[in-house]
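The values are calculated or read from the model by the stated rules, or taken from the named source; none is laboratory data. Small disclaimer: the values here were computed from a predicted structure and weren't measured. Cβ placement follows ideal geometry from the backbone for every residue including glycine, while neighbour counts extend to all protein chains displayed. The accessibility values were calculated without ligands, DNA or RNA, using every heavy atom of the protein model including side chains. Shrake-Rupley method; radii C 1.70, N 1.55, O 1.52, S 1.80 Å.
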Amino acid sequence: QVPLVESGGGLVQPGGSLKLSCQAPGIAFNIYVLGWYRQAPGKQRELVARITRGGSTNYADSVKGRFTISRDNAQNTAYLQMNGLKPEDTAVYYCNVNGFGYDAWGQGTQVTVSS
């Protein structure tokens, strides 16, 4: 499986914004479902947002209205725009490409929301 390359994490103050990127070179990117997950210390990994190949999206209730998932099939890249960040959004964020028996994960990028 092709490794996914994530970027964009970091430290931000409450109320701030970050944009995560996930590149998936060398695959037929447009046919897959793309997802962003996160895992906070001591907690299970949870789905944050997902976008289908047709562009339909769904979000965790905790991020609705604040986060936006998108995809650029020409660039084989998925994005997660995160606005209005809260301390409870602190976690390692992972991207996932899934479908047709294919399931690949990124290495994770740390997002820390703190004053």
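Can you tell me the accessible area per residue over the chain, all protein chains present, probe 1.4 angstrom, in square angstrom?
Per-residue value: 51 Å².
Provide the net charge surrounding residue 60, with neighbours chosen by a C-beta distance below 15 Å and charges set as Lys +1, Arg +1, Asp -1, Glu -1.
My count for the surroundings of residue 60 gives +3.
For labels at residue 43 and residue 5 in the simple 7 Å Cα→Cβ model, what's the distance in nm?
With each label point 7 Å from Cα toward Cβ, the separation is 3.0 nm.
So what is Rg over Rh here for the chain, counting just Cα atoms and using Kirkwood for Rh?
Here Rg/Rh amounts to 0.95.
Could you tally the net charge around residue 37, taking each other residue with its Cβ under 10 Å from the Cβ of residue 37, Lys/Arg +1 and Asp/Glu -1?
+2
Quick one: net charge around residue 88, please, counting Lys, Arg +1 and Asp, Glu -1 for every other residue with C-beta under 15 Å from its C-beta.
Local charge sum for residue 88: +2.
At a 1.4 Å probe radius, carbon and sulfur cover how many percent of the accessible area of the chain?
Reported share for carbon and sulfur atoms: 48 percent.
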